[in-house]
1. Let's test the formula: R0 of 35 Å, r as the Cβ-Cβ distance of B:GLU93 and B:SER41. What FRET efficiency results, to the nearest 0.05?
2. Taking amide H positions as placed 1.01 Å from N in the peptide plane, with prolines and chain starts having none, which residues 5 or more places from A:LEU28, or on another chain, fall under 5 Å of its amide H?
3. Once you have a ≥ b ≥ c as the square roots of the Cα gyration tensor eigenvalues for segment A:1-59, tell me rounded if a/c is under 1.5, and otherwise prolate or oblate according to whether a/b is larger than b/c.
4. Rounded to the nearest 20 Debye, what is the dipole magnitude of the protein assembly as shown about its Cα centre when Lys and Arg each give +1 and Asp and Glu each give -1 at the C-beta?
5. Given the rotation that superposes chain A on chain B, what residue of A brings its beta carbon nearest the axis, and what is the distance in Å?
6. From the label point of A:VAL52, set 7 Å from Cα along Cα→Cβ, how far away are the matching label points in the other copies, in nm, ordered shortest to longest?
7. Tell me the carbon and sulfur percent of the accessible area for segment A:9-91, rounded to whole percent, probe radius 1.4 Å.
8. Under 8 Å for C-alpha pairs, at least 6 residues apart: give me the relative contact order for chain A, rounded to a whole percent.
Protein chains: 2
Amino acid sequence: MTYRIGELAKLTDLSEHTLRFYEKEGLLVPKRNVSNVRVYSEDDRLWAEFIVHMKGTGMSLEDLKKYKDLRESDSDNYEELVAILIRHKENVEAKMAEYQHNLDLMNKKIAMYEQYMDGQGEKDLYDRFVKEKRTQN
Amino acid sequence: MTYRIGELAKLTDLSEHTLRFYEKEGLLVPKRNVSNVRVYSEDDRLWAEFIVHMKGTGMSLEDLKKYKDLRESDSDNYEELVAILIRHKENVEAKMAEYQHNLDLMNKKIAMYEQYMDGQGEKDLYDRFVKEKRTQN
DNA sequence: CTACACCTTAGAGCCGACTCTAGGTCAAGG
DNA sequence: CCTTGACCTAGAGTCGGCTCTAAGGTGTAG
């Protein structure tokens, strides 16, 4: 099974422009047929999907390029590949912890607003500051 | 307690450039003293920290600006404020679910590489594809 | 044979979010 | 007095990641 650029674009939710851009960057370089049309193989598709997942968790295209180059080098550098994956994994875990922390803050803020709207509470410290400032000016 | 730009920069881990940029964008506008030097108040600091948290979970400066304008408008629009927070919260939760999914994928990939390095396993499908392709060229 | 969808290129433009530069002001300490 | 260091301005530049344009080629159906 092979794909032309429009087909792969639909499958991966990347635009054709983006796929061509990735090719320019050396990140995803398909073969060409006799008419010079890009022909993406099954493993090109799998790699494209991997790209989507990884950039979706914040890996840069630059790092993905490094990963790809490592993997395609002849010097079976699996330790380095694994190291990159583990490093990225740790970044994602750290990000998730930060997200969770900020979710907690948002939930508190939301709860405070809702209490306030019910006339049962006070707005939080920060909002009181703002109010005071406004009434001063 | 008030802060000059250099102090606030240290406290928030934003650069002075960034703080001036935020002011240009109307996102964080301190008062000035007689010498035209920026004087950040305690609630400016709290707001700056809120900005850091929210942009850290992917809220755009544009949306933060909207939030700020809403909050400072006279038409106590708490429903809208809460709606923005809830929308953002849901985005963050969705992002976390995606992250978790991709973490699982990474963990599988890492496990596979490690098995392979121990000589006890096979590289996964995708890597076999790559190998075959390489030996063909 | 021509209309149409789909593909090609090089290169320019855009966007968000900074990041930096050049040149200037001001207050305190030696 | 003079230097140092923190501050000020307007505006230009950078960066990652697209996104689009113009002008043209290809291949298949009616």
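The values are calculated or read from the model by the stated rules, or taken from the named source; none is laboratory data. Owing to the predicted nature of the structure, the values given are computational and were not obtained by experimental measurement. Methodologically, a virtual Cβ is constructed for each residue, glycine included, from the backbone with ideal geometry; neighbour enumeration extends over all protein chains shown. Calculation scope for accessible area: heavy atoms of the full protein, side chains included, ligands and nucleic acids excluded. Shrake-Rupley method; radii C 1.70, N 1.55, O 1.52, S 1.80 Å.
1. Rounded to the nearest 0.05, the efficiency is 0.60.
2. A:GLU23
3. prolate
4. The dipole magnitude comes to about 860 debye.
5. Residue of A nearest the axis onto B, distance in Å: A:MET96, 3.
6. With the label placed 7 Å along Cα→Cβ, A:VAL52 yields 3.6 nm.
7. C and S atoms contribute 49 percent here.
8. 15
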